[in-house]
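Asker: Just passing along the structure, written as structure tokens.
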Amino acid sequence: MIDAVAPGGWSWWPAPAKLNLCLRITGRRADGYHDLQSAFRILDWGDRVGIRLRADGHIGRVGASVPGVAEADDLLVRAALLLKNHANTAQGAEICVEKRIPAGGGFGGGSSDAATVLRVLDRLWDLDLGEDALAALGLTLGADVPVFVRGRNAWAEGVGEQLTPLDLPQAWYVLVDPGIHVATAGLFAAPDLTRTATPVKIADFLSGSVPDNVFEPVLRRREPAIEAVFATLSRIGTPRLTGTGSGCFVEFASLQAAQAGLALLPADLRGWVVAGATRSRLLDALERNMQDIN
């Protein structure tokens, strides 16, 4: 939800997390990147991004973001500067974030924050570049940014930018953060990573025949903490890994079942119950903002 008249001129916008319900590598490209297939699930939970406009053209971060990430390297700031330079606008903005999504967990926090900055500043700066242009800009920041720009569950191919809307049933998830930050570049370079999976169709995924994440066996062998979380989660369901991070999840058909599952886990395990969404809350916030303007 957005606070239309927040103190100090700030407006606050959702930046939802995601899950990769499957993730496969079908080949390596000439440019060094990998061809992927994945199913993105947008979650009804995530960060909040605050934006305050400036007339002097300055782009800056207010407060902390991910620990250890300098302002110049922060995707929040990079997204705003990218949009400003692309549109050649004299406008500026201050940006801050309330972090809920664990860094390095594969839940898409940085990419979602960047996508929210692109969508919101496109609106507040009256640029009206359109979803396709913003998704293309987002891809230069990271492969997961376009799905957050578009804000819908999707089947992804290419490096993650070729998106087909995906109709997913309602589901709830127990998410667990093992507390390990996984470096994506190093994981893609792992010698034991399978890079030649046979391509599948969306129908294969929807039938339940491809619920795998190619990075799961690699990380379970490398990280005892992730293996321990898998062993614990196996008591309540089928544990899975999301993205290229350390985040684990179990899917449930009802809120009550997910809450009961979380209650069975050790109290010192950092976990949440989160609903799957049919689309991003950011899209709803942008629509409400447009209605307020009109």
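Asker: Cα gyration tensor of region 170-232, axes a ≥ b ≥ c as square roots of the eigenvalues: rounded (a/c below 1.5), prolate (a/b > b/c) or oblate?
Answerer: oblate
Asker: Helix-only mean residue ellipticity at 222 nm, the chain, DSSP H runs n ≥ 4 weighted -39,500 (n - 2.57), per residue, nearest 500. What is it?
Answerer: Mean residue ellipticity at 222 nm (helix-derived): -9000 deg cm²/dmol.
Asker: Using only Cα atoms, find the angle between the long axis of helix 75-87 and the longest principal axis of the chain, and express it within 0 to 90 degrees, rounded to the nearest 10.
Answerer: 50 degrees
Asker: While we're looking at this one, here's another question. Once both labels are modelled 7 Å past Cα along the beta-carbon direction, what's the residue 231-residue 201 spacing in nm?
Answerer: Using points 7 Å along Cα→Cβ, the separation is 4.2 nm.
Asker: Average the reciprocal distances over every distinct pair of alpha-carbons in region 13-109, invert the result, and give the Kirkwood radius in Å.
Answerer: This gives a value of 15.5 Å.
Asker: In the chain, what percentage of the DSSP-assigned beta bridges are antiparallel, given to the nearest 5?
Answerer: On the way: 43 of 47 bridges.
Looking only at bridges with both residues in the chain, the antiparallel portion is about 90 percent.
Asker: Over the chain, give the accessible area per residue in Å² for a 1.4 Å probe, as an integer.
Answerer: About 44 Å² of surface per residue is accessible.
Asker: Angle, helix 281-293 long axis vs. longest principal axis of the chain, Cα atoms, 0 to 90°, nearest 10?
Answerer: 20 degrees
Asker: Can I ask one more? As a test question: what accessible area, to the nearest 10 Å², does residue 201 have when a 1.4 Å probe is rolled over all protein chains in place?
Answerer: The accessible area comes out at roughly 140 Å².
Asker: Hull surface divided by four, with the convex hull built on the Cα atoms of region 115-179: how many nm²?
Answerer: Convex hull of Cα atoms, orientation-averaged projection: 6.1 nm².
Asker: According to a simple spin-label model (label point 7 Å from Cα along Cα-to-Cβ), what is the distance in nm between residue 278 and residue 31?
Answerer: 3.5 nm
Asker: For the chain, what are Rg and Dmax over the alpha carbons, in angstrom?
Answerer: 18.9, 56
Asker: Which whole-angstrom value gives the distance between the alpha carbon centres of region 40-118 and region 180-198?
Answerer: Using only Cα atoms, the two centres lie 26 Å from each other.
Asker: If you project the alpha carbons of region 169-294 onto their three principal axes, what span does each projection cover, largest first, in Å?
Answerer: Sorted largest first, the three principal extents are 55, 37, 31 Å.
Asker: P(r) tail for region 127-227, what percent of Cα pairs lie past 22 Å?
Answerer: Summing the P(r) tail past 22 Å for region 127-227 gives 48 percent.
Asker: Further question: How much solvent-accessible surface does residue 195 expose, in Å² to the nearest 10, with a 1.4 Å probe and all protein chains in place?
Answerer: Its accessible surface works out to 50 Å², give or take rounding.
Asker: Taking a ≥ b ≥ c as the square roots of the Cα gyration tensor eigenvalues, with a/c under 1.5 meaning rounded and otherwise prolate when a/b beats b/c, else oblate, which class fits region 51-196?
Answerer: Because a/c hits 1.5 or more and a/b exceeds b/c, region 51-196 counts as prolate.
Asker: Given a 1.4 Å probe and every protein chain left where it sits, what share in percent of the accessible area of the chain is carbon and sulfur?
Answerer: Whole-percent figure for carbon plus sulfur exposure: 52.
The values are calculated or read from the model by the stated rules, or taken from the named source; none is laboratory data. Only a predicted model underlies this, so the values are computations on that prediction, with no experimental measurement involved. Glycine gets a Cβ as well: all are built from the backbone with ideal geometry, and neighbour counts include every protein chain shown. These accessible areas exclude ligands, DNA and RNA; they are computed on the full protein's heavy atoms, side chains included. Shrake-Rupley method; radii C 1.70, N 1.55, O 1.52, S 1.80 Å.
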